[in-house]
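Q: Input: one structure, supplied below.
Bear in mind these aren't lab numbers, they're just calculated from the coordinates by the rules spelled out. Fair warning: this is a prediction, and the values are worked out from it, not measured in the lab. Here the Cβ is made from the backbone with ideal geometry for all residues, glycine too, and neighbour counts use every protein chain on show.
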Amino acid sequence: MTNPPPEPPLIFVVAGEPSGDFLGARLMAALKAETGGHVRFAGVGGEAMAAEGLTSLVDLADLAVMGFFEVLPKAPVILRHLKRVEAAARAARPAALVTIDSWGFTGRLHGRLADVPFPRVHYVAPMVWAWKAKRAATVAQRVDHLLTLLPDEAEAFTRHGLAVTQVGHPVVEGGAGQGDGAAFRQSHGIPLEAPLLCLLPGSRRMEVGRLLDPFRAATERLAASRPGLQVVIPTVATVADSLKQRVAAWPWPVHVVSGAEARHGAFAASFAAIAASGTVALELARAGLPHIVGYKVSPPSAFLYRRLRQTELVNLINILLGRVVVPELLQEACTGPRLAAALEALLADPAALAAQRQGADAVMARLGGAGAPPSRRAARAVLQLINAKETA
C-alpha cells in the first residue's frame, strides 16, 4: 500500500491594506510558480489576493486606516479582527506566517503569536528611516526574517540580529507601463480627442473622504481650459460603489474603474494624474504619467507626524532621489487651487517633466534589484525558511 502524497504546505499570509494586497497577490503567484502549485494559502487579503485563491478571514477595508487619531474609532473592530486572525493562525499551524506591511496590525499579530513555533516573515520594512527608528528592535524581536523592498534598508535591522533579504519592489514587474490607452478609451466610450484626467484619491475610505473634494476642486480649474474634459478614477472594489455615488453629480463624465488592467489602461489614456501618496504613485512613475501628489490627514495626526518624521517628503520617488521631482501638496497646501496650479506648472515646464521621467527611471532601476523578479525572490526566501525549519 502506497502512502498518500504529502499535503501541500499551508502559508498564512496577512495583508492589512490594499497596497499589501497587491504585494500579497504577486507573492502568492510567485509561490505557486516556485512550487508548481503545490502550496495552500489562508489569511487576510483583498480582491487581488482573492483572485489568487485566498478566502480572506476579514474584510480588508476594516483594517485599512491611516492616521494616529483616525484609528481610534475603529480600534474595537480592529482588535476583534486581530483576535480572530490570531486564533485562525494558531488553529491552522501553517508552515510559515507571512505578514505584509501594516506593522501597526501585523506587528501586534506577531507579538501575540510569539509562542507558536512556525517561521515568521514580515514583507516590507517599517519605515524606521523616516520615523520611529526604535521600531527596528521590536521588529527584530518579533519576526525571523524581513523582506525589504528598498535599497539600504537592511542595516537598521541587521544591527539587531534580524536576517534580511532585499527582494526589490514588485511594481517593476507589474504592467503599469503597459496599459492600452486606445482600448481603454474605446471600452469606456471616451473620444480620442477628449482630455482625460486621472484622479487617485486613495484606497482607504478615510483617504477618499478627505481627498475627493480638493481633487474635484482642482479638476474644476483644470477643466476650464480643457473643453470636453473627462475624469477617470481607478480604485479598489471596497470603495468603488461609494465613489460612484459621490461623483454622480460631477459636471464631467467620470469613469470609476477597478482592477489592474483597467487601472493601467487609464494611466495610458490620461494626460496627467493627481494622486494620494503610496504604491499607486510608484505605478504612475512606472507608467511615465505626469503627476503630482496631494495628501492630508486630520490636523491632530498631522501635528504628530510633523514631530516624529525624520524627512519632510512623503513620495517615495522624491525620498529615494533626495529631491523633489513629484510636487507634493500636503495638509494645508492640499487645496483645489493649489493642486491645479501645481499640475499646470508641471505640464507647462518641459524641464520639470523631463526631471520627473528621469528621476522615476532611476528609482525604478534601484527598486528592481538584480536577478529574478522581486516577487520570485520573495517567494524563494519564504520557501528557504520553511525548508530550513523542516530539516532542522
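Q: Restricting attention to the stretch 143-155, and to residues there that are surrounded by fewer than 21 Cβ atoms within 10 Å (Cβ to Cβ) and in contact with a His (Cβ under 8 Å, 6 or more places away or on another chain), which single residue is farthest from residue 171 (Cα to Cα)?
A: It comes out as 145.
Q: Evaluate the following for residue 136: is it part of a helix (DSSP H, G or I) and either surrounded by fewer than 21 Cβ atoms within 10 Å (Cβ to Cβ) or touching a strand residue (DSSP E or B) at 6+ places or on another chain (Cβ under 8 Å) (or both)?
A: Judged against the criteria, residue 136 is not a match.
Q: When the residues of the stretch 264-300 are filtered to those that are of a type in the set (Phe, Trp, Tyr) and closer than 19 Å to residue 357 by Cβ, which remaining residue is nearest to the chain's Cα centre (by Cα)?
A: Looking at the filtered set, the residue picked out is 267.
Q: Can you tell me which residue among 247, 231, 256 is in contact with a Phe, Trp or Tyr (Cβ under 8 Å, 6 or more places away or on another chain), of a type in the set (Val, Ile, Thr) and within 28 Å of residue 51 (Cβ to Cβ)? Please lay out each step first, then the result.
A: Values: 247 fails: in contact with a Phe, Trp or Tyr (Cβ under 8 Å, 6 or more places away or on another chain); 256 fails: in contact with a Phe, Trp or Tyr (Cβ under 8 Å, 6 or more places away or on another chain).
After applying the criteria, what remains is 231.
Q: Pick out, from the stretch 191-283, the helices (runs of 4 or more DSSP H) lying fully within it that include 2 or more residues that are in contact (Cβ under 8 Å) with a residue 24 or more places away in the chain and of a type in the set (S, T, N, Q).
A: Working: elements: 205-223, 237-247, 260-269.
Answer list for the stretch 191-283: 237-247.
Q: So, of the residues in the stretch 156-178 that are over 21 Å from the mean Cα position of the chain (by Cα) and either assigned to a loop (DSSP other than H, G, I, E, B) or free of Cβ contacts under 8 Å to residues at least 24 places away in the same chain (or both), which turns out to be surrounded by the fewest Cβ atoms within 10 Å (Cβ to Cβ)?
A: Only one residue fits best here, namely 161.
Q: OK, next. In the stretch 31-47, how many are surrounded by 24 or more Cβ atoms within 10 Å (Cβ to Cβ) and not in a loop (DSSP other than H, G, I, E, B)?
A: 3
Q: Something else now. Take the residues in the stretch 72-94 that are loosely packed, with under 15 Cβ neighbours inside 10 Å and not charged (D, E, K, R), then tell me which one is farthest from residue 117 (Cα to Cα).
A: Selected residue: 73.
Q: Of the conditions (1) more than 28 Å from residue 363 (Cα to Cα); (2) in contact with a helix residue (DSSP H, G or I) (Cβ under 9 Å, 6 or more places away or on another chain), residue 128 clears all except one; give me its number.
A: Result: residue 128 passes all but (1).
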